[in-house]
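Student: To start, I am sharing the structure in question, which I have written as structure tokens.
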Amino acid sequence: MRIAVAGSHSTGKSTLIAAFLAKRPSYLYEPEAFEFLADEVELTESEGPTPEGLELLLEHSVAAVGRYRHGDSVVFERSPMDYLAYAAASRRSWPSGSIEGFLSKHITLVQAALSDLDLVVFLPVVSNGIQLREGENRGFRRRVDASLRSALVDDEYDVLGGSGSPRVVELPGNPLRQLSRLLELETGT
């Protein structure tokens with residue numbers, strides 16, 4: 001199964017993935033794009049990446065997802081949709097009009113990439129004891145969360161209804177319950 005774990009920063013994605021991989025060691029792991037591209041991605045002063053930096057991250061994510069085929073066992077930290085959510089949440093730091101341009105330019109690319117996933121697990125921002133790193137913007141984190149919920153749960157961009165679309169499941173709650181539910185989803189129970 002090709003699984004993407006989506007969510008704003010500091011929602012427990014890495015924790016859930018590590019626990020899942022401990023139970024399913026046959027799965028491959030694809031870290032989030034920022035792990036590979038951090039030195040190449042320019043950040044804004046107050047929020048996430050610049051439009052150019054986010055485009056690099058999105059293109060890397062799409063390429064990573066595209067390397068795998070139906071039947072492969074892989075878990076991705078972030079989905080291509082995460083990067084659209086980061087763009088949508090960047091209203092305070094991006095130039096006027098650039099968000100709409102970014103979204104319209106990349107929605108089709110993200111839709112195609114999502115068809116290469118079987119399951120997208122959305123981890124919402126909740127009070128689960130996960131602490132933000134120093135310097136992280138709480139308001140931006142919440143805006144990313146709201147944008148990602150709109151994109152994945154509400155299908156704001158109308159890209160998830162087709163036959164090739166992945167199943168999207170929200171997993172709020174504590175990490176143990178998230179892991180238990182992810183394992184059930186992975187086995188089809």
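Student: Suppose every K and R has +1 on its Cβ and every D and E has -1 on its Cβ; what is the size of the dipole of the chain about the Cα centre, in Debye to the nearest 20?
Tutor: 660
Student: Could you tell me the calculated FRET efficiency between residue 73 and residue 138, based on Cβ-Cβ distance and R0 = 41 angstrom, to the nearest 0.05?
Tutor: 0.70
Student: Considering only the other residues whose Cβ falls under 11 Å of the Cβ of residue 68, what net charge follows from Lys and Arg at +1 and Asp and Glu at -1?
Tutor: Local net charge: -1.
Student: Same structure again: Per DSSP H run of at least 4 residues, take -39500 (n - 2.57); add these up for the chain, divide by its residues and hand me the 222 nm value, nearest 500 deg cm²/dmol.
Tutor: -14000 deg cm²/dmol, from helical runs alone.
Student: Can you tell me the orientation of helix 51-66 relative to the chain, as the angle in degrees between its alpha-carbon axis and the longest Cα principal axis, to the nearest 10?
Tutor: 20
Student: Viscosity 1.306 mPa s, temperature 10 °C: what is the translational diffusion coefficient of the chain from Stokes-Einstein with a Kirkwood Rh over Cα pairs, rounded to a whole number of µm²/s?
Tutor: 96
Student: Starting with the highest mean, order 79-92, 60-73 by the number of other Cβ atoms within 10 Å, averaged over the residues of each peptide.
Tutor: The densest-packed peptide leads the list: 79-92, 60-73.
Bear in mind these aren't lab numbers, they're just calculated from the coordinates by the rules spelled out. No experiment lies behind these values; they were computed from the predicted model shown. So basically every Cβ, Gly included, is an ideal-geometry build from the backbone, and we count neighbours across all protein chains shown.
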